[in-house]
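Engineer: My questions will all concern the structure given below.
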Amino acid sequence: MKRASGVLLPVASLPSKYGIGCFSREAYEWIDYLKGAGQSYWQILPLAPTSYGDSPYQSFSSFAGNPYFIDLEALIEDGLLTREECDEADFGEDEFSVDYGKIYENRIPLLHLAYERSEAWKNPDFTEFVQENAYWLEDYALFMAVKERFNGAPWSEWAEDIRKRWGYSLDYYRRECYYDIEFYKYLQYLFHKQWMKLKTYANRNGIEIIGDIPIYVAFDSADAWASPELFQFDEDFQPVAVAGCPPDAFSADGQLWGNPLYRWDYHRQTGYEWWCRRLDHCFRLYDVVRIDHFRGFDEYYSIPFGAKTAKKGRWEKGPGIELFHTLNRRLGEKQIIAEDLGFLTPTVAKLLKDSGYPGMKVLEFAFDPREETNYLPHSYDRNCVVYTGTHDNETLVQWYAGLDDDSRAFAEEYMDNADTPEELKYWDFVRMAMMSCANTCVIPIQDYMGLDKTARINHPSTLGCNWKWRLDPELLTEELSRKIYALTKISARLSDLMKRRERESQEKAKQKEPEREEQKEETKNL
């Protein structure tokens, strides 16, 4: 990746009128803001539909888009909804926090109303979209429609005939749920149409999209239900083992994620067909893809299904570099960021090196004087992406306030910023990340703004308080934009578009120089 910088802001966190960030006018204004601040990237979280816990990393599909992001204003303009209908819906009282319960209760009925008025079956663009995406869309739409028939129950609790996808049962539900199936296809059509329009606008304005995909899929997903052969399931389609992380200093019991594990031997036999389709789909949506939990491709932690904790798991071999060689042959060279945070074994480090992908560095992991670390900027090589923090971390302000005395003293000595006022310390960390030799630097918008713990996106291993934060648009000031631009310029990270504008401005200034000299001479003569 080139020497450049970007900003991390989830789509859901954008300001907008109807309860959650979406592909609305405010998203276009955000792209304008990034452009004006000299940025090259907008990094987002997965665009997939959210399920239990509202996490974009636990989705009903690894291919589908989140219908919450469909812009209702566009549907009003198209005559599919009225402004009164949208204004009367209750999306929550706090405009700076997402109320997912109310979004589900009120946004989906509005989208259904738009579908009923759309006469989608007459739209050739809709028909073309359905045909082009049939390889995942048919199963996803059927999955969601049948899920409704079983009152939202996970597919493992459905009747055996449809749970195991017996032929006559699939035919029955396709007939019985025809309009529900078409509704879910229509939502994906709207999502794709609006997102590609927004992405095109971003690209034309010099902004590339960094997308984010989890390595695993959710058990309660169309992927697991439609293609059980891809996963470590028994004959009754129950997981044999599930994903997680072993116990460490932060968690005595480890982390029990519960995602089904892949049958890598089967994937190898198919030439990694599913992975090729998945990544090909991702690169239609994004310009750069960050793959979460990259170390799982080298070795993955396998926990017996039914275990209460992750203590009894064991490490198993993943596909290794063979998968990425296959992807390169099938898709060509693509821009991928490997999430390689945490403890890395020599074999993981070798996989990262062999892949050629940039890994990640996080400043919030760097300032513990009691242990060696490769997160301090002096240890970086160029082929990496530096962050002050990620969506899983505290904001810089929150993190710095919670540092112990030794860590704080170490940070001040390392940066030589003991004289910086406490309320401005966060900016020194932002500046250090931007001035590092890492080719790419991505800063969460909260850290540019110096926001506290109320702006945290996610606290891992907790439920009920995550993925809710939304940006106050009044904080996107011209002063902050100029400040970000100045730092971006001095750290040699200006976007190509802004570099051209700077050169054009300099050329114009040079052209005017003789004219100014003539004016000076005329003034002297007078």
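All of the numbers you see were taken from the coordinates with simple rules; none came from a lab. In this text, all values refer to a predicted model and were calculated from it rather than measured experimentally. Heads up, the Cβs are rebuilt from the backbone with ideal geometry, glycines too, and the neighbour counts pull from every protein chain shown.
Engineer: Hey, rough spin-label estimate for ASP416 and ARG431, points 7 angstrom out along Cα→Cβ, what's it come to in nanometres?
Structural biologist: 1.2
Engineer: Tell me, what HN-Hα J-couplings in whole Hz come from the Karplus equation 6.51 cos²θ - 1.76 cosθ + 1.60 at θ = phi - 60° for each residue of region 38-44, using x for Gly and Pro?
Structural biologist: x, 7, 10, 9, 10, 9, 10
Engineer: Another one. For LYS499, give me every one of the aspartates and glutamates with a C-alpha distance below 18 angstrom, ignoring sequence neighbours fewer than eight places off in its own chain.
Structural biologist: ASP32, GLU208, GLU507
Engineer: Okay, next question. Efficiency by 1/(1 + (r/R0)^6): what FRET value for LYS102 and THR462, r their Cβ-Cβ distance, R0 = 22 Å, to the nearest 0.05? Intermediate values should be presented prior to the final figure.
Structural biologist: On the way: r = 21 Å, r/R0 = 0.95.
In this case the efficiency is close to 0.55.
Engineer: Using a 10 Å cut-off on Cβ atoms, rank the peptides 425-432, 213-220, 86-93, 119-126 from the highest mean neighbour count down.
Structural biologist: On the way: 425-432: 20.0, 213-220: 23.0, 86-93: 14.2, 119-126: 12.1.
Sorting 425-432, 213-220, 86-93, 119-126 by mean packing, highest first, produces 213-220, 425-432, 86-93, 119-126.
Engineer: Show that you can apply the helix-only estimate: for the chain, add -39,500 (n - 2.57) for every DSSP H stretch of four or more residues, divide by all residues, and state [θ] at 222 nm to the nearest 500. Intermediate results must be reported in sequence, preceding the final value.
Structural biologist: Details: 20 runs with 230 residues, N = 526.
Helix contribution divided over all residues of the chain: -13500 deg cm²/dmol.
Engineer: Report the paramagnetic label zone for GLN269: residues of region 214-241 whose backbone N is under 19 Å from a point 7 Å from Cα along the Cα-to-Cβ axis.
Structural biologist: 224-241
Engineer: Also: Please give the FRET efficiency for GLU235 paired with GLU116, using the beta carbon to beta carbon distance and R0 = 60 Å, rounded to the nearest 0.05. It would help to have the intermediate numbers written out before the result.
Structural biologist: Numbers: r = 42 Å, r/R0 = 0.70.
It comes to 0.90.
Engineer: Quick check: Cα centre of region 423-442 to Cα centre of region 7-46, how many Å?
Structural biologist: Distance between centres, Cα-based: 21 Å.
Engineer: If you work out Rg and Dmax of the Cα atoms in Å from the coordinates, which of (i) 25.0, 99; (ii) 23.1, 70; (iii) 26.0, 96 do you get?
Structural biologist: From the options (i) 25.0, 99; (ii) 23.1, 70; (iii) 26.0, 96, the structure gives (i).
Engineer: Let me ask something else about it. Do any GluC sites (Glu not before Pro) in region 219-321 lie in a loop, going by DSSP, with at most 12 other beta-carbon atoms within 10 Å of their beta carbon, and if so which?
Structural biologist: Details: sites: GLU229, GLU235, GLU273, GLU299, GLU316; in loops: GLU235.
Sites meeting the loop and neighbour criteria: GLU235.
Engineer: May I ask you to compute the full-extension gain from GLU478 to MET196, defined as 0.36 nm times their residue separation minus their alpha-carbon distance, rounded to one decimal in nm? Kindly include the intermediate steps, with their values, before the conclusion.
Structural biologist: On the way: separation 282, 0.36 × 282 = 101.52 nm, distance 2.79 nm.
Roughly 98.7 nm would be gained on extension.
Engineer: Would you list which aspartates and glutamates come within 16 Å of LYS350, measuring only between C-alpha atoms, while excluding same-chain residues fewer than 8 positions from it?
Structural biologist: Straight-distance partners of LYS350: ASP298, GLU299, GLU322, GLU339, ASP340, ASP381.
Engineer: Okay, which of region 349-367 sit inside 18 Å, backbone N to the point 7 Å along the Cα-Cβ direction of ALA409?
Structural biologist: Residues 367 fall inside that zone.
Engineer: Separate question: Along Cα→Cβ, 7 Å out, is where each label goes; now give me the distance between the ones at LYS17 and ALA401 in nm to one decimal.
Structural biologist: 3.5
Engineer: Say each of GLU93 and GLU518 gets a label point 7 Å from the Cα, pointing the same way as Cα to Cβ; how far apart are those two points in nm?
Structural biologist: 6.9
Engineer: Then there is this: Rule-of-thumb check for region 178-284: C-alpha Rg over 2.2 N^0.38 Å?
Structural biologist: Numbers: Rg = 18.1 Å, N = 107, 2.2 N^0.38 = 13.0 Å.
Rounded to two decimals, the normalised Rg is 1.39.
Engineer: Here is a follow-up. On full extension of the chain, what length is gained from THR347 through ARG330, given 0.36 nm per residue of separation minus the C-alpha to C-alpha distance? Please list the in-between numbers first.
Structural biologist: Numbers: separation 17, 0.36 × 17 = 6.12 nm, distance 2.48 nm.
Separation in residues times 0.36 nm, less the Cα-Cα distance, equals 3.6 nm.
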